[in-house]
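The values are calculated or read from the model by the stated rules, or taken from the named source; none is laboratory data. For clarity, every value in this text was computed on a predicted model and none was experimentally measured. Cβ atoms come from the backbone with ideal geometry, glycine included; neighbour counts cover every protein chain shown. Remember, those area values only see protein heavy atoms, side chains included, never the ligands or the DNA or RNA. Shrake-Rupley method; radii C 1.70, N 1.55, O 1.52, S 1.80 Å.
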There are 2 protein chains.
Amino acid sequence: MYEGPVQDLIDELGKLPGVGPKSAQRIAFHLLSVEPPEIDRLKNALQRVRDGVQFCVVCGTVSDKEHCRICADPRRDRTVICVVEEPKDVQAVERTREFKGRYHVLGGALDPLSGVGPDQLRIRELLARIGNQEDGVDVSEVIIATDPNTEGEATATYLVRMLRDFPGLTVSRLASGLPMGGDLEFADELTLGRALSGRRTL
Amino acid sequence: MYEGPVQDLIDELGKLPGVGPKSAQRIAFHLLSVEPPEIDRLKNALQRVRDGVQFCVVCGTVSDKEHCRICADPRRDRTVICVVEEPKDVQAVERTREFKGRYHVLGGALDPLSGVGPDQLRIRELLARIGNQEDGVDVSEVIIATDPNTEGEATATYLVRMLRDFPGLTVSRLASGLPMGGDLEFADELTLGRALSGRRTL
């Protein structure tokens, strides 16, 4: 236990995810030794996030304008919507450079035990986007890219049921299978089972 | 790349030691979801550290008063001084519960290549502490507990030379050897060599 402000800072840093007591101590002593403007920049960044971050009115990802960069881009395909849980998932799909459509961020996944039901997610907004033509273009495909875990799968199942009523709409799900560069020997049964049932004819 | 304040916060967090881009993103999205008072507490802790942290006038460790808790404690043995590099080393020795004396924090180790010479460390203060009797008590032993690396060893050698002139003063160095719970097979030659030369008669 240190005395005074240093211990307070260590305590606060230790509450952050992935920062244990040792890292918190290391960061605190680092901040003790840096120039004050460095700390000010971190403080100001915190202040701006605390003051509220804007979310895109269309897809719901973090944005600094009313429409995010992707929704505002006329070159993106308006007929395909990729549904993800979190803004970081948008970045993950973007990094593949394989997807040219637009996104819809749910803001989480169905998790009744934690009190997250369909009303807590941006599902109504998704249905509205598909129902109303977007800029005069019909949405032809919805790719469900929720996480391949219990909550994500439940959300996908729920979405499939909700989207069944739209005529002519294709609903797809990201493929599950062996990760590239992986080893068959070390794959768990569930993943290997999915890879088998989802096998592709060559 | 995110837009606006979130990316700024990720950039600032990514500059902290031990926080990579993935951790920075995780912390930023965590902070997006917490209550504002939580962020305020972190901001205020940063502000207080930025405004300056007090150091104990005797030993030089971080403190919230003029004298730190250890130097102010009359039960601590005033005849023994343990010399360490950093305030965190004080905590490390305290955790052993083996040491009942007081400390002296040098504020680093000799490292001429980085421009750290004897004048940049609190060596003059150490000599003054030993020269002037502390509260009427002579210092009888100085334990040099600098890190067992190049800079720490150089500092220890330098201190031994400086302290040689004090009559009746014992100067000792922390033992080097195999870490407890370690394995002889995996010890490096230097450590094993030190363990051999420092062997104890049973």
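Filter the range A:133-154 down to the residues that are hydroxyl-bearing (Ser, Thr, Tyr) and touching a Gly at 6+ places or on another chain (Cβ under 9 Å), then identify the one that is surrounded by the most Cβ atoms within 10 Å (Cβ to Cβ). Spell out how you get there, then give the answer.
Filtering the range A:133-154 down to residues hydroxyl-bearing (Ser, Thr, Tyr) leaves A:140, A:146, A:150.
Now restrict to residues that are touching a Gly at 6+ places or on another chain (Cβ under 9 Å): A:140, A:146.
Values: A:SER140: 15, A:THR146: 25.
For the range A:133-154, the residue satisfying everything is A:THR146.
In the range B:143-201, what residues are within 22 Å of the chain's Cα centre (by Cα) and among the basic types (Lys, Arg)?
B:ARG161, B:ARG173
Has the range B:55-71 got any residue that is surrounded by 15 or more Cβ atoms within 10 Å (Cβ to Cβ), among the aromatic types (Phe, Trp, Tyr) and not assigned by the TED database to the domain that holds B:PRO179?
yes
Does the range A:164-177 contain any residue that is assigned to a loop (DSSP other than H, G, I, E, B), within 21 Å of A:THR61 (Cβ to Cβ) and free of Cβ contacts under 8 Å to residues at least 40 places away in the same chain?
Step one: of the range A:164-177, the residues assigned to a loop (DSSP other than H, G, I, E, B) are A:164-169, A:174-177.
Among the residues that remain, those that are also within 21 Å of A:THR61 (Cβ to Cβ) are: A:174.
Cutting the leftovers down to free of Cβ contacts under 8 Å to residues at least 40 places away in the same chain gives us A:174.
Yes.
Against the condition open to solvent by less than 40 Å² (accessible area, probe 1.4 Å) and in contact with a Leu (Cβ under 6 Å, 6 or more places away or on another chain), how does B:ILE81 come out, does it pass? Let's see the steps before the verdict.
Values: open to solvent by less than 40 Å² (accessible area, probe 1.4 Å): yes; in contact with a Leu (Cβ under 6 Å, 6 or more places away or on another chain): no.
No, not satisfied.
Being assigned by the TED database to the domain that holds A:THR79, touching a Cys at 6+ places or on another chain (Cβ under 7 Å) and not in a loop (DSSP other than H, G, I, E, B) is the requirement here; does A:ILE143 meet it?
Details: assigned by the TED database to the domain that holds A:THR79: yes; touching a Cys at 6+ places or on another chain (Cβ under 7 Å): yes; not in a loop (DSSP other than H, G, I, E, B): yes.
When the stated conditions are applied, A:ILE143 passes them.
Keeping to the range B:1-20, report how many residues are within 21 Å of A:ALA28 (Cβ to Cβ) and either assigned to a helix (DSSP H, G or I) or of a type outside the set (Gly, Ala, Ser) (or both).
Filtering the range B:1-20 for residues within 21 Å of A:ALA28 (Cβ to Cβ) gives B:9-20.
Restricting the remaining residues to those that are either assigned to a helix (DSSP H, G or I) or of a type outside the set (Gly, Ala, Ser) (or both) gives B:9-17, B:19.
Count: 10.
Criterion first (under 21 Å from the mean Cα position of the chain (by Cα), more than 9 Å from chain A (Cβ to nearest Cβ), within 23 Å of A:PHE29 (Cβ to Cβ) and not in a loop (DSSP other than H, G, I, E, B)) does B:CYS82 satisfy it?
Numbers: under 21 Å from the mean Cα position of the chain (by Cα): yes; more than 9 Å from chain A (Cβ to nearest Cβ): yes; within 23 Å of A:PHE29 (Cβ to Cβ): yes; not in a loop (DSSP other than H, G, I, E, B): yes.
Yes, satisfied.
Identify, please: which residue in the range B:29-53 is more than 7 Å from every other protein chain (Cβ to nearest Cβ) and within 23 Å of A:LYS88 (Cβ to Cβ) and is, among those, modelled with the lowest pLDDT?
B:SER33
Provide a single number: the residues in the range B:108-119 that are surrounded by fewer than 19 Cβ atoms within 10 Å (Cβ to Cβ) and either in contact with a strand residue (DSSP E or B) (Cβ under 9 Å, 6 or more places away or on another chain) or closer than 26 Å to B:PRO167 by Cα (or both).
Going residue by residue through the range B:108-119, those that are surrounded by fewer than 19 Cβ atoms within 10 Å (Cβ to Cβ) are B:108, B:111-119.
Add one more test, that the residue is either in contact with a strand residue (DSSP E or B) (Cβ under 9 Å, 6 or more places away or on another chain) or closer than 26 Å to B:PRO167 by Cα (or both), and what stays is B:108, B:117-119.
Final tally of qualifying residues: 4.
For residues in the range A:69-91 being touching a strand residue (DSSP E or B) at 6+ places or on another chain (Cβ under 8 Å) and free of Cβ contacts under 8 Å to residues at least 24 places away in the same chain, which is farthest from A:VAL57 (Cα to Cα)?
Start the filter on the range A:69-91 by keeping residues that are touching a strand residue (DSSP E or B) at 6+ places or on another chain (Cβ under 8 Å), which leaves A:69-71, A:76-87, A:89-90.
Pick out the ones that are also free of Cβ contacts under 8 Å to residues at least 24 places away in the same chain and you get A:69, A:86.
Numbers: A:ARG69: 12, A:GLU86: 15 Å.
Top of the filtered list is A:GLU86.
Here is a check on your reading of the model: is B:ALA154 within 22 Å of B:LEU190 (Cα to Cα) and at pLDDT below 95? Give the steps one after another, and end with the answer.
Values: within 22 Å of B:LEU190 (Cα to Cα): yes; at pLDDT below 95: yes.
Yes, satisfied.
Tally time: how many residues in the range A:119-128 are over 18 Å from A:PRO148 (Cα atoms) and touching a residue at least 12 places away in the same chain (Cβ under 8 Å)?
Selection size over the range A:119-128: 6.
Consider A:THR96 carefully, then state whether it is more than 9 Å from chain B (Cβ to nearest Cβ), surrounded by fewer than 18 Cβ atoms within 10 Å (Cβ to Cβ), in contact with a Ser or Thr (Cβ under 8 Å, 6 or more places away or on another chain) and more than 30 Å from B:VAL53 (Cβ to Cβ).
Numbers: more than 9 Å from chain B (Cβ to nearest Cβ): yes; surrounded by fewer than 18 Cβ atoms within 10 Å (Cβ to Cβ): yes; in contact with a Ser or Thr (Cβ under 8 Å, 6 or more places away or on another chain): no; more than 30 Å from B:VAL53 (Cβ to Cβ): yes.
No, not satisfied.
Can you tell me which residue within the range A:7-28, out of those that are among the small types (Gly, Ala, Ser) and more than 8 Å from every other protein chain (Cβ to nearest Cβ), is surrounded by the most Cβ atoms within 10 Å (Cβ to Cβ)?
Residues of the range A:7-28 among the small types (Gly, Ala, Ser): A:14, A:18, A:20, A:23-24, A:28.
Of the ones still in play, those that are also more than 8 Å from every other protein chain (Cβ to nearest Cβ) are A:14, A:20, A:24.
Numbers: A:GLY14: 16, A:GLY20: 12, A:ALA24: 19.
Among them, the one singled out is A:ALA24.
Anything in the range A:178-202 that is among the basic types (Lys, Arg) and either open to solvent by less than 80 Å² (accessible area, probe 1.4 Å) or assigned to a loop (DSSP other than H, G, I, E, B) (or both)? List them, or say none. Please lay out each step first, then the result.
Residues of the range A:178-202 that are among the basic types (Lys, Arg), as a first pass: A:194, A:199-200.
Matches in the range A:178-202: A:ARG199, A:ARG200.
Among the residues of the range B:155-172, write down those that are of a type in the set (A, V, I, L, M, F, W, C) and either touching a Ser or Thr at 6+ places or on another chain (Cβ under 9 Å) or open to solvent by 70 Å² or more (accessible area, probe 1.4 Å) (or both). Step through it out loud before you land on a result.
Applying the first criterion (of a type in the set (A, V, I, L, M, F, W, C)) to the range B:155-172 yields B:156, B:159-160, B:162-163, B:166, B:169, B:171.
The answer is B:ALA156, B:LEU159, B:LEU169.
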